[in-house]
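Contents: one structure, followed by commentary.
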Amino acid sequence: MFISFILILLSMISWMGMMWWGWGPWGYWGPGPMFLFGALWLIFSLLIIALMIIFVAWALKRMGIIK
């Protein structure tokens, strides 16, 4: 659980870094060319987290902990 929390935190930090990696003629520092990749990475991370939660709930239900 702790390891997955660290991985989630790292993915969020990397997503923010990719989102704001932008430039322009006047030193524009906003959503750059990596914004799309960052958004896809965020969606993928959330999907992985959701699948992990579903799997844990299914396993607990099979073990009889959750009715």
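Is one or more of the residues making up region 36-54 assigned to a loop (DSSP other than H, G, I, E, B), at pLDDT below 85 and surrounded by 14 or more Cβ atoms within 10 Å (Cβ to Cβ)?
For region 36-54, residues assigned to a loop (DSSP other than H, G, I, E, B), at pLDDT below 85 and surrounded by 14 or more Cβ atoms within 10 Å (Cβ to Cβ): absent.
Enumerate the pairs (first residue in region 44-67 and touching a residue at least 24 places away in the same chain (Cβ under 8 Å); second residue anywhere and surrounded by 12 or more Cβ atoms within 10 Å (Cβ to Cβ) and polar (S, T, N, Q)) with beta-carbon separation below 6 Å, excluding pairs fewer than 6 apart on the same chain, so at least 6 apart or on different chains.
Here the result reads Ser45/Ser11, each pair linking region 44-67 to a residue that is surrounded by 12 or more Cβ atoms within 10 Å (Cβ to Cβ) and polar (S, T, N, Q).
Considering each residue of region 45-67, count those that are within 14 Å of Ile8 (Cβ to Cβ) and not aliphatic (A, V, I, L, M), and give that number.
Residues meeting the conditions: 1.
The values are calculated or read from the model by the stated rules, or taken from the named source; none is laboratory data. All of these numbers come straight from a predicted model, not from anything done at the bench. Neighbour counts are summed over all protein chains in view; Cβ atoms, including those assigned to glycine, are modelled from backbone coordinates with ideal geometry.
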